[in-house]
Every structure is written in structure tokens, then in C-alpha cells.
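Heads up: the structure comes next, in C-alpha cells.
The values are calculated or read from the model by the stated rules, or taken from the named source; none is laboratory data. Keep in mind that what you see is a predicted model, and the values were worked out from it rather than measured. Note that we place each Cβ from the backbone using ideal geometry, even for glycine, and neighbour counts take in every protein chain shown.
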């Protein structure tokens, strides 16, 4: 693609800028005639030459966009497949993205060519997401959190199309991201946690739920804990693994969610006591079942096999629904830990490090004594809150 420069006004006015015509030749049409586009520019010849070079680049990208008629559905499917083959996404994230693309993005935008997706089309899609029925067994409409996640994925896909020069601009950046104010996050207070643990005592959920509530561990981290990474004498737990369920139902151990999630967690005294009793019960149960080998996983099925994370969540939701306690999810129980830590006066940075949100150091021996002291102080505050709430409950 080439361009040319022509002075529009040969009689340059004294003191005024020169006027130029910038022309870019776009090839030939179906009849063989040369196609061109032009614009005017005011300035010096050197400035006009720079403007012409930018105009040529702009037209080249525009021609690429117009010649690309890839429907959004095809591009989004290819985008997801490329990330799956490159193993860039966790299994759960991949499954969630696949559902969003299939059930929400493609029905509203799938037939539109990438270059023709406008801000208006995206606004219409958001309106449809808010009004159309869900694709699961629930009868109400999608939450604002779900709509926010769908929009975020759409923006991410279109940003990749910009990077690949299939479109010039990302129309999703022209729209304010749908908020999540409609889905208020629920949290438990410490008396709620005490009541929940007491209710769960007849079940296998009591100890893992207590540990999760008093440490803020993620579900996968909790169910991947191994006794060799737990020191009941010092209360130190090295979080180095997580477990997830793939689409085929198989369970896989992997590194935690991010590198920052590999961290040291200090157990409150109440959690240490509960884990000690749990270890004794687990050893006794394995002996009765004729399993001679020492248990590896802290929380597992009776035969020592890994506990399916989805089954764990289902069992938790079932028990909470049966109780008279406020409804809460496992993820919201993790958020509750953050809220309780803040109420106890724990610095935000300490809470974030303990939950694996901020930069952490990979092995326990590399923590500074000051950081360890902060972690222990936080664990002691949580323990005092739990014991005080337990006394009040009785």
C-alpha cells in the first residue's frame, strides 16, 4: 500500500500553514480501477509526510479489518481452543469460560462479524442477559456478578482481536463495566461460625469447615492438605498444593491458584486442637478398616482417597440449608475470615498475605521473624474471638 502527498494551495499565505492532500492507494476494484482515499492536512511538508505515513498505516489496518469477515462465534471458539491447547487456563476456569461463550456470548453476538461489533450491540447483549432466563436449574435472572463476568470475558476476547489486528479498537472499552452491587456478599460473624461448627459436629464436615473458617484457606487448598505439611506442635501449615475436578470427573493435584498462594499459614489454637482430635479419629478409623498405611491427606474419604471438591461443596450447601443458619457458600466463608480478621484489628497486609492475596515467600524458613510474629498475632486474635463466641454460645 502506497501514499502520495500533494500541496492543495500553491500560493502559500504569508505566515499561514500549508495545506496538503494526503492520498493512499487501496488497490483495484473488481473492474480493475484504482481505488484511493484522501484527507487534507495543514502544516509543514515534514509534518505532512509524517501524517501521510500514519494515514497509510491506518488504511492498511482498516483494509485488513474489512477483509476479515470472521463471525464472533468462530473467533471466540478459536480463542478458547488456543488457550486450552496452550494450557493457559485452569480446568475450572476453562469450563466456566466455555459455558459463558456457549450460553451467553454466542447467542447474542455470535453471528456478527468481529469488525461490526459495536458498543450498541454489546449494550443490547447486556440487556438480554439481564432479562432472559438462566441456563441452569434456578428460576430467577442472572446476578449482576454473572453479567459482570460475561462482559469481562467479552472484553478480554475483543482485546485479543485488537492485538491480532483483526479490529482497530475494542468497543467494550466504550461501555462502563456492569456493576456487582446487586449481589451483596454474605459473611458470617464468629458466633455464626461457632453455631455452624456445632451443627456440623455429627458430620465429617465439622473439622474442615472449622479450619477453613479460622484460616481462610481456599477449598482446593483445604482438601489438598497433607499431614507432612502440617506441624501441630507449632501450628504451621505450608500451603503448596490444591486439588481440582476436571470435566471427566477425575481429580488432579496442582500448584495453588497463583504463585503468591504458596504460603505459610499459622493455625489458631482451636484449629490445632480440632486437627489433633481429627488425626486420632482418622488413625482409629483406618485401623478399623484394615488400612495399615499412615494417612496422607488431612481431609479425605474414609478410605483415604481424595475428597471431591464439588461433593464437598454440595454436602456443605445441603447441611447449611437444613440448619436455621443464614445461607452462605464456602467462598463466602473464606470472605468471612477476612472480615473477622479486620474486626479483630489485624492489619490488612497481614490478612492478605495469610489468604494468599499479596506477595508471599515460597518456603517457611524464608519468612522474616516480624512477618511470622504478625501471622501468629493474627491467629491468636482469631482464636480468642472463637473461644469467646463458644463460651457465649454455651
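Condition check ((1) more than 22 Å from residue 164 (Cα to Cα); (2) without any contact (Cβ under 8 Å) to a residue 40 or more places away in the chain; (3) touching a strand residue (DSSP E or B) at 6+ places or on another chain (Cβ under 7 Å)) across all residues:
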residue: 99; (1), (2), (3): yes, yes, no
residue: 102; (1), (2), (3): yes, yes, no
residue: 107; (1), (2), (3): yes, yes, no
residue: 110; (1), (2), (3): no, yes, yes
residue: 113; (1), (2), (3): no, no, yes
residue: 119; (1), (2), (3): no, no, no
residue: 124; (1), (2), (3): yes, yes, no
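Quick check on the stretch 221-251: of everything there that is under 20 Å from the mean Cα position of the chain (by Cα) and modelled with pLDDT under 90, which residue is nearest to residue 211 (Cα to Cα)?
Among residues in the stretch 221-251 that are under 20 Å from the mean Cα position of the chain (by Cα) and modelled with pLDDT under 90, the one nearest to residue 211 (Cα to Cα) is 244.
Filter the stretch 192-211 for residues that are over 25 Å from residue 352 (Cβ atoms) and either surrounded by fewer than 21 Cβ atoms within 10 Å (Cβ to Cβ) or not assigned by TED's automatic domain parsing to the domain that holds residue 329 (or both) and give the result.
Residues satisfying the conditions are 195, 198, 199, 200, 201, 202, 203, 204, 206.
Considering only the stretch 314-360, how many residues are over 21 Å from residue 194 (Cβ atoms) and free of Cβ contacts under 8 Å to residues at least 40 places away in the same chain?
6
Kindly list, by first and then second residue, each pair from a residue in the stretch 34-49 that is free of Cβ contacts under 8 Å to residues at least 24 places away in the same chain to a residue that is loosely packed, with under 14 Cβ neighbours inside 10 Å, limited to pairs with Cβ atoms under 7 Å and residues at least 6 apart or on different chains.
Between residues of the stretch 34-49 that are free of Cβ contacts under 8 Å to residues at least 24 places away in the same chain and residues that are loosely packed, with under 14 Cβ neighbours inside 10 Å, the close pairs are 34/28; 35/27; 35/28; 35/29.
Could you list, in sequence order, all residues of the stretch 252-261 that are crowded, with 19+ Cβ neighbours inside 10 Å and either outside any helix (DSSP H, G or I) or not assigned by TED's automatic domain parsing to the domain that holds residue 235 (or both)?
Listed by number, the list holds a single entry, 256.
Looking at this structure, is residue 298 surrounded by 16 or more Cβ atoms within 10 Å (Cβ to Cβ), outside the structural domain of residue 247 (by TED's automatic domain parsing) and touching a residue at least 24 places away in the same chain (Cβ under 8 Å)?
Here the answer is yes, as residue 298 does meet what is asked.
Quick check: anything in the stretch 334-349 buried (at least 16 other Cβ atoms within 10 Å of the Cβ), closer than 27 Å to residue 280 by Cα and touching a helix residue (DSSP H, G or I) at 6+ places or on another chain (Cβ under 9 Å)?
Yes.
If residue 278 satisfies every condition in (1) touching a helix residue (DSSP H, G or I) at 6+ places or on another chain (Cβ under 9 Å); (2) without any contact (Cβ under 8 Å) to a residue 24 or more places away in the chain but one, which is the exception?
All conditions are met except number (2).
Yes/no per residue for (1) surrounded by 22 or more Cβ atoms within 10 Å (Cβ to Cβ); (2) farther than 30 Å from residue 72 by Cα:
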site	(1), (2)
213	yes, yes
227	no, yes
233	no, yes
248	no, no
276	no, yes
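Tell me, please, whether a residue that is touching a helix residue (DSSP H, G or I) at 6+ places or on another chain (Cβ under 9 Å), modelled with pLDDT of 90 or more and within 21 Å of residue 171 (Cα to Cα) can be found in the stretch 80-90.
Yes; the residues of the stretch 80-90 include at least one that is touching a helix residue (DSSP H, G or I) at 6+ places or on another chain (Cβ under 9 Å), modelled with pLDDT of 90 or more and within 21 Å of residue 171 (Cα to Cα).
Kindly indicate the residue of the stretch 353-363 that is more than 10 Å from residue 266 (Cβ to Cβ) and crowded, with 17+ Cβ neighbours inside 10 Å and also modelled with the lowest pLDDT among those meeting that condition.
It comes out as 360.
If residue 240 satisfies all but one of (1) within 21 Å of residue 379 (Cα to Cα); (2) buried (at least 16 other Cβ atoms within 10 Å of the Cβ); (3) in contact (Cβ under 8 Å) with a residue 60 or more places away in the chain, what's the number of the condition it fails?
Result: residue 240 fails condition (3) only.
Table: residues versus (1) closer than 30 Å to residue 36 by Cβ; (2) modelled with pLDDT under 85.
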position: 107; (1), (2): no, no
position: 112; (1), (2): yes, no
position: 167; (1), (2): yes, yes
position: 170; (1), (2): yes, no
